[in-house]
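Q: I have a structure I would like to understand better, so I am pasting it below and will then ask my questions one at a time.
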Amino acid sequence: MKGIINAKNLNLWYGETQALKNINIEIPEKSITALIGPSGCGKSTFLKILNRMNDLIPIVKIKGDIYYNGKDIFEKSIDVNSLRRDIGMVFQKPNPFPMSIYDNIAYGPRIHGIKGKQRLDEIVENSLKDAAIWDEVKDRLKKNALGLSGGQQQRLCIARALAVKPKVILMDEPTSALDPISTSKIEELSLKLKDKYTIIIVTHNMQQAVRISDNTAFFLLGELIEFGKTEEIFSNPLDKRTENYITGRFG
Amino acid sequence: MKNKLFENIMQAIFLILGLIAVGFVLLISFYLIISGIPAILEIGVFKFLFSKSWAPTSPQENFGILPFILTSIYGTSGAVLIGLPIGFFSAVYLSKFAPKKIKLIAESAINLLAGIPSVVYGLVGMLVLVPLIKIIFSLPDGASLLAAILVLSLMILPSIIKVSINALEAVPKEYEYASLALGATETETVFKVSVKAAKSGIATAVVLGVCRVVGEAVAVIMVSGNVANMPSLFQSVRFLTSAVASEMAYSSGLHRNALFSIALVLFLFIMIINITLNFFIKRDRKG
Ligand SMILES: Nc1ncnc2c1ncn2[C@@H]1O[C@H](COP(=O)(O)OP(=O)(O)O)[C@@H](O)[C@H]1O
Ligand SMILES: [Mg+2]
């Protein structure tokens with residue numbers, strides 16, 4: 001397994017406040033990497049930088065590099081839109097578009113120039129199947145997506161991300177707004193998806209990290225304290241601060 | 001106990017205010033119908049609505065309001081055709097692309113524009129636009145349907161822009177993030193997600209605009225020449241509103257009653273527009 005995403009001496013500031021401090025991490029391909037740490041430690045910031053959603057925040061300043069497949073994502077020649085097509089994102093709060101279920105999934109492919117009903121139908125069906133929601137929605141593809149339950153909406157958002165055939169999927173606490181059943185559905189789904197995709201997931205839920213992730217990164221106050229195999233991080237952490245966090249002594 | 005009493009009193013007050021509002025609408029409707037029907041019956045519905053000549057004071061008097069009806073339709077459509085796209089794109093630009101400073105300046109200008117009384121629009125139209133049209137198209141007189149359309153489109157701009165901006169800004173940012181994260185450009189995101197999500201709000205802007213235009217009298221009297229011609233872009237014309245407003249003062253008898261009938265037609269006009277547009281908006285919202 002080689003690293004698909006590499007951060008090298010990465011620093012990030014919001015105005016004057018530094019949110020990421022000299023991060024070095026190599027994220028392996030086709031596996032699940034969990035980002036844990038107390039709130040405000042920079043997990044979301046790190047995640048959003050990977051598909052350059054930070055571009056939308058004008059006060060952000062960045063020093064250091066991130067390589068995706070060996071290419072520096074901050075370089076001028078990088079096409080942000082195709083980077084984001086490769087590195088998809090699922091948000092904390094389910095955010096389907098106020099359109100039909102079908103149009104939600106077809107949105108991405110259409111944006112990227114895919115036309116023809118047959119091809120789109122195919123993509124919609126496959127994406128929904130891959131996101132394990134096809135059986136629940138196949139009879140109401142033309143209905144507004146906002147009519148789905150929260151858990152279904154989140155799986156729809158995963159399907160929408162899959163529809164543009166990404167390589168990496170970033171998930172920012174995707175289950176924090178969901179009930180336990182929907183949460184376990186999304187966890188199962190993630191485990192299934194890691195055969196084909198690289199998944200990076202921010203989670204507040206330590207059990208979740210243990211259940212689904214291969215590797216875990218522990219962040220604290222903008223620093224990456226420890227990164228390694230999930231079992232090792234949780235059974236035998238090297239850093240005292242990691243141990244304190246996972247045993248619930250702070251955060 | 002005291003709170004409960006207070007609640008009840010407040011509710012009663014709101015109920016009464018609501019009833020007063022409804023009562024006024026009914027009163028106006030009844031009044032218009034009762035005073036508008038006699039002349040229509042006397043002249044004949046068909047002749048009144050579809051005869052092309054309006055000559056209330058000539059010896060061969062004739063009360064055909066087709067010129068006014070068509071002028072109002074053309075004038076309104078023209079104003080919406082020009083005002084809507086300009087207003088819509090300005091709103092998109094201001095709410096999604098413009099730098100903060102430009103947005104602030106533009107918004108205060110728009111608020112100012114919205115507060116200007118229609119007489120002033122008419123006056124400026126009369127002093128600037130009408131002579132300009134006369135020169136550009138070398139017409140004997142610049143007061144025309146074209147002048148009216150241009151003034152009306154300017155008049156509806158502020159409300160279309162303001163309501164559309166509000167609708168666009170009410171679109172949750174999460175929709176836009178989702179679109180950008182799929183690799184859509186900012187422009188694609190604005191037009192395919194934000195505008196779509198805001199479309200019923202934007203449609204409301206259109207309804208407001210149309211109603212303002214249909215009901216406008218003062219400004220159009222001043223720039224349209226106010227002559228009862230069949231509508232043509234470069235000729236003087238008269239709208240339904242201006243017919244009522246300009247002749248009421250000196251009319252009497254059947255002529256006066258016919259003016260009430262015009263008001264009734266205008267009223268129905270606005271009702272029909274409102275109901276149809278609202279129907280589409282509601283349908284969209286459900287869909
Ligand atoms: N848009 C922003 N502007 C300014 N500061 C921000 C912004 N987003 C996050 N921050 C700050 O950066 C730090 C890290 O935030 P975040 O990455 O959201 O943490 P986490 O996801 O781990 O809770 C916090 O101190 C937060 O206040
Ligand atoms: Mg976060």
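Quick note: the coordinates plus some simple rules give every number you see, no bench work behind them. Values in this document were obtained by computation on a predicted structure and should not be read as measured data. Counting neighbours? That spans all protein chains shown, and the Cβs are built from the backbone with ideal geometry, glycine included.
Q: Can you compute 3J(HN,Hα) from phi for each residue in region A:7-24, using the Karplus curve 6.51 cos²θ - 1.76 cosθ + 1.60 with θ = phi - 60°, rounded to whole Hz and x for Gly and Pro?
A: Using θ = phi - 60°, the values come out as 9, 10, 6, 8, 10, 9, 10, 9, x, 9, 8, 7, 9, 10, 10, 6, 7, 10 Hz.
Q: Return the FRET efficiency for the residue pair A:His112, A:His204: r is the Cβ-Cβ distance, R0 is 35 Å, and the value is rounded to the nearest 0.05.
A: So, using R0 = 35 Å, E works out to roughly 0.60.
Q: Averaged across B:168-181, how many Cβ atoms of other chains sit within 10 Å of each residue's Cβ atom? Write down the numbers at each step before the final one.
A: Numbers: counts 0, 0, 0, 1, 3, 2, 7, 5, 3, 6, 13, 7, 9, 19.
Counting other chains' Cβ atoms within 10 Å and averaging over B:168-181 gives 5.
Q: Could you please state, rounded to a whole Å, how far the C-alpha centre of region A:190-237 is from the C-alpha centre of region B:1-66?
A: Cα centres, region A:190-237 to region B:1-66: 70 Å.
Q: With unit charges on the beta carbon (Lys/Arg positive, Asp/Glu negative), name the residue among B:Asn229, B:Phe24, B:Val120 whose Cα is farthest towards the positive pole of the charge dipole of chain B.
A: Ranked along the dipole, the leading option is B:Phe24.
Q: Across 10 Å bins from 0, what is the distribution of all Cα-Cα pair distances for the protein assembly as shown, in whole percents?
A: 3, 14, 19, 17, 14, 13, 10, 6, 3, 1, 0
Q: How many nm is it between the label spots at A:Thr247 and A:Ser77, if each spot is 7 Å from the Cα in line with the beta carbon?
A: Result: 5.1 nm between the two label points.
Q: Now for a separate question. Label B:His255 and B:Glu186 with points 7 Å out from Cα along Cα→Cβ: what is the distance between them in nm?
A: The modelled label-to-label distance comes out at 6.1 nm.
Q: B:Ala55's amide H: which non-local residues (gap 5+, or another chain) put their own amide H closer than 5 Å, with H modeled 1.01 Å from N in plane and none for Pro or chain starts?
A: Residues meeting the criterion, in which the H sits 1.01 Å from N, are B:Asn62, B:Phe63, B:Gly64.
Q: How many angstrom lie between the C-alpha centres of region B:213-287 and region B:135-167?
A: 16
Q: What number does chain B give for Rg over Rh if you use C-alpha atoms and the Kirkwood radius? Let's see the in-between values first.
A: Working: Rg = 22.8 Å, Rh = 21.5 Å.
Answer for chain B: 1.06.
Q: Which angle between 0 and 90 degrees, to the nearest 10, do you get for helix A:180-193 versus the longest principal axis of chain A when only C-alpha atoms count?
A: 90
Q: On a full-extension model of 0.36 nm per residue, what is the gain between B:Phe30 and B:Met248, subtracting their alpha-carbon distance, rounded to one decimal in nm?
A: Contour length minus Cα-Cα distance gives 76.5 nm.
Q: From the phi angles alone, apply the Karplus equation (6.51, -1.76, 1.60; θ = phi - 60°) to region B:151-159 and give each ³J(HN,Hα) in whole Hz, x where the residue is Gly or Pro.
A: Karplus-based 3J(HN,Hα) across region B:151-159 equals 5, 5, 5, 5, 5, 8, 3, x, 6 Hz.
Q: How do B:39-50, A:188-199 rank on mean C-beta neighbours within 10 Å, highest first? Don't skip to the answer; put the middle values down first.
A: On the way: B:39-50: 15.2, A:188-199: 17.7.
Highest to lowest by the protection proxy: A:188-199, B:39-50.
Q: Which of the listed residues, A:Val168, A:Tyr245, A:Gln118, is farthest toward the dipole's positive end in chain A, when Lys, Arg count +1 and Asp, Glu count -1 at the beta-carbon?
A: My answer, from the dipole projection, is A:Gln118.
Q: Moving on. Going by average Cβ neighbours within 10 Å, how do the peptides B:256-268, A:20-32 rank, with the highest at the top?
A: Details: B:256-268: 21.1, A:20-32: 18.2.
Packing order, densest peptide first, comes out as B:256-268, A:20-32.
Q: Tell me the label-point distance for the pair B:Ile37, A:Asp135, using the 7 Å Cα-to-Cβ offset, in nm and rounded to one decimal.
A: It works out to 6.5 nm between the two label points.
Q: Something else about it: Need one number: % antiparallel among DSSP beta bridges in the protein assembly as shown, to the nearest 5.
A: Details: 27 of 46 bridges.
Taking every DSSP beta bridge with both residues in the protein assembly as shown, the antiparallel ones total about 60 percent.
Q: Within chain A, what percent of beta bridges assigned by DSSP are antiparallel, to the nearest 5?
A: 60
Q: In terms of modelled amide H atoms, which long-range or inter-chain residues lie less than 5 Å from the amide H of B:Asn226?
A: B:Val237
Q: Any of A:Lys129/B:Lys196; B:Lys173/B:Lys196; B:Lys101/B:Lys162; A:Lys8/B:Lys173; A:Lys61/B:Lys192 with alpha carbons more than 20 Å apart? Name them for me.
A: A:Lys129/B:Lys196; A:Lys8/B:Lys173; A:Lys61/B:Lys192
Q: Related question: Going by average Cβ density within 10 Å per residue, which order do the peptides A:63-71, B:143-151 take, highest to lowest?
A: For the peptides A:63-71, B:143-151, the packing ranking is B:143-151, A:63-71.
Q: Would you mind calculating the relative contact order of region A:93-238 from Cα pairs under 8 angstrom and at least 6 residues apart, reporting the percent as a whole number?
A: 22
Q: Once you average over the residues of A:153-160, how many Cβ atoms of partner chains fall within 10 Å of each Cβ?
A: 1
Q: Using a 10 Å cut-off around each Cβ, can you sort B:Met155, B:Met248 from fewest to most neighbouring Cβ atoms?
A: Lowest count first: B:Met248, B:Met155.
Q: A further question follows. Determine the shielding of peptide B:183-194 by partner chains: average, over its residues, the number of Cβ atoms on other chains within 10 angstrom of each Cβ.
A: Values: counts 16, 9, 3, 2, 0, 4, 1, 0, 0, 6, 4, 0.
Going residue by residue through B:183-194 and averaging, the value is 4.
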